[in-house]
Amino acid sequence: MKKNVFAFSLIAITKVVIAAPNTIDMPVDMSLSSGKYCIASSCSNGWSFNQHKSGFHAPKAGVGNANDTYAWDINLNTPTFDYDNGKPVYAVEEGIIYTGNGWQGSSVGQILINHTSGSDKWSTGYVHLNNIPKKSGSVNKGDIIGYISRVGTTNNHLHFAVYNGHNAGTGSVNVSFSGKTASKKASVTNPTNTLTKINVNCPVSKLNPGQTANCAATAYYANGTNKSVTSLASWAPPSNPSVAKVSSGIVTAIGATIDSTIHITATYKEGAVMQNASTNITIAGMDGKLPADYGCTSDQEIVASKLISGGSVISLMYSKKCGTNWTIIKTSSSSTATEATITRKSDGRSYSYKGKGNIYTPMVYSPVATSCATGRIGSVTISGNAVCR
């Protein structure tokens with residue numbers, strides 16, 4: 001009888017092996033941080049894995065009352081805060097999506113995947129995802145199962161847990177990470193996830209000199225999903241590089257004489273498929289515009305001036321931000337008749353203003369060209385190259 005009891009107990013133990021592996025690949029894209037990560041609340045240059053064991057990282061605090069004591073908050077806040085927003089999340093191993101006990105990808109963007117490795121049964125939970133492509137069925141290792149967001153929380157991050165057993169089993173367990181992004185097995189293909197197009201969108205249609213716009217690139221797939229590829233796309237120089245520059249989707253306006261339209265183009269390749277898209281932004285021309293209307297007075301400086309008898313002054317002004325010159329006349333009397341002119345010498349473009357007392361002219365765009373301030377103060381005429389830069 002004792003021998004039979006022992007045999008039965010041994011069989012029972014053999015059938016309930018539920019151990020998760022000691023080391024797993026990363027559920028996030030390690031190329032975004034050059035493979036760098038740290039087990040800490042924050043990293044200066046890589047993915048941060050924070051296992052704070054409080055709040056939602058506690059017994060019965062996880063989705064469906066799961067024990068999430070050993071869950072991780074995974075953040076990437078470099079090179080900019082919330083850099084992980086919209087970045088893909090990968091299944092760390094092939095498995096079956098569990099749809100019970102609240103794990104349906106709804107209010108907090110959650111997915112639970114059951115894995116079987118030999119006789120071991122374990123599961124992985126992923127929370128705060130959006131654009132979840134599948135909420136049931138099988139997934140392969142390296143499949144994108146969603147994108148990092150702030151769904152159900154206050155900041156963008158991935159809440160990730162490894163559990164012993166299926167369906168979150170006996171609770172979360174501590175694991176080590178390989179430092180490598182989970183990737184598909186060579187034999188696995190997913191033709192329904194083919195890249196079909198990308199779209200480029202900029203938040204504004206017109207920029208003044210010195211202003212910037214953060215343009216975004218979004219990839220779209222045959223299975224109806226999409227993701228941000230702003231940081232992964234190649235951004236071509238603008239069609240007119242003298243008036244603006246582009247770096248990683250950030251457009252910076254340099255300046256122009258007249259309104260100039262530029263094409264912003266991004267190219268993204270995934271597998272054997274390459275797609276590109278463009279949008280237009282207008283760089284505001286500065287010729288004939290008033291400096292205060294375009295913020296050019298914020299860094300104005302006097303680059304040349306001349307004192308006129310009676311205490312009046314004619315000055316040539318310059319804004320480095322706008323790349324513009326204009327003329328200012330200041331008099332000791334508000335009743336003095338004045339006339340001011342600004343002239344760009346390279347093409348003779350000029351603008352004038354007549355009035356009394358202190359006056360100023362519109363601008364000419366002249367970041368490198370010589371400009372001259374001329375005019376009349378009372379009976380005194382300032383002409384020729386009297387005040388030039």
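Rule-based calculations on the coordinates, nothing more; no lab input. Because the structure is predicted, anything quoted here is derived from the model rather than measured. Counting neighbours? That spans all protein chains shown, and the Cβs are built from the backbone with ideal geometry, glycine included.
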As a percent rounded to 5, the proportion of antiparallel DSSP bridges among beta bridges in segment 2-189 is 85
Rounded to whole angstrom, the alpha-carbon centroid of segment 292-366 lies from that of segment 36-64 at a distance of 59
HN-Hα couplings for segment 107-114 via Karplus (6.51, -1.76, 1.60; θ = phi - 60°), in whole Hz with x for Gly/Pro, come out as 4, 10, x, 10, 9, 10, 10, 8
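Pop the C-beta distance of residue 31 and residue 65 into the FRET formula with R0 = 41 Å and round what comes out to the nearest 0.05. Walk me through the intermediate numbers first.
Working: r = 36 Å, r/R0 = 0.87.
Calculated transfer efficiency: 0.70.
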Rounded to the nearest 5, the percent of DSSP beta bridges in the chain running antiparallel is 95
Given 235-241, 331-337, the highest-first ranking by average Cβ count within 10 Å works out to 235-241, 331-337
Over the chain, the sum of -39500 (n - 2.57) across DSSP H runs of at least four, divided by residue number and rounded to 500 deg cm²/dmol, gives at 222 nm -1000 deg cm²/dmol
Residue by residue through segment 68-75, the couplings from Karplus 6.51 cos²θ - 1.76 cosθ + 1.60 with θ = phi - 60°, in Hz, x for Gly and Pro, are 10, 3, 9, 6, 10, 9, 10, 10
Quick calc: nm separation of the 7 Å Cα→Cβ label points for residue 276 and residue 155 -> 3.9
The size of the Cβ-based charge dipole (Lys, Arg +1; Asp, Glu -1) of the chain about the Cα centre, to the nearest 20 debye, is 160
Segment 2-189: relative contact order from alpha carbon pairs under 8 Å, six or more residues apart, as a whole percent, is 26
Restricting to aspartates and glutamates and to Cα separations under 18 Å from residue 227, and discarding same-chain partners fewer than 8 apart, the set is 29, 82, 84, 143, 270
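Quote the FRET efficiency, to the nearest 0.05, computed for residue 41 versus residue 18 with a Förster distance R0 of 45 Å and r equal to the Cβ-Cβ distance.
Values: r = 30 Å, r/R0 = 0.67.
For R0 = 45 Å, the calculated efficiency reads 0.90.
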Once the in-chain neighbours fewer than 8 apart are removed, the lysines whose Cα is under 30 Å from residue 321 read 206, 245, 289, 306, 330, 345, 354, 356
Segment 90-142 and segment 228-252 have their Cα centres apart by a whole-number Å value of 37
For residue 298 and residue 346, extending 7 Å from Cα along the Cα-Cβ vector and measuring point to point gives, in nm, a value of 2.5
Expressed in nanometres to one decimal, the distance between label points 7 Å along Cα→Cβ at residue 263 and residue 108 is 4.8
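At a Förster distance of 45 Å, what's the computed FRET efficiency of residue 202 paired with residue 379, Cβ-Cβ distance as r, to 0.05? Could the numbers behind the result be given before it?
Details: r = 53 Å, r/R0 = 1.17.
Approximately 0.30, to the nearest 0.05.
Please state the relative contact order of segment 250-375 as a whole percent: Cα pairs under 8 Å, 6+ residues apart?
21
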Once the in-chain neighbours fewer than 8 apart are removed, the lysines whose Cα is under 30 Å from residue 53 read 36, 87, 121, 134, 135, 141, 180
Residues whose built amide H sits under 5 Å from the amide H of residue 305, excluding neighbours closer than 5 in sequence, are 316
For Cα extents along the principal axes in Å, with candidates (1) 127, 43, 31; (2) 75, 56, 33; (3) 88, 51, 47, the value calculated from the shown model is option (1)
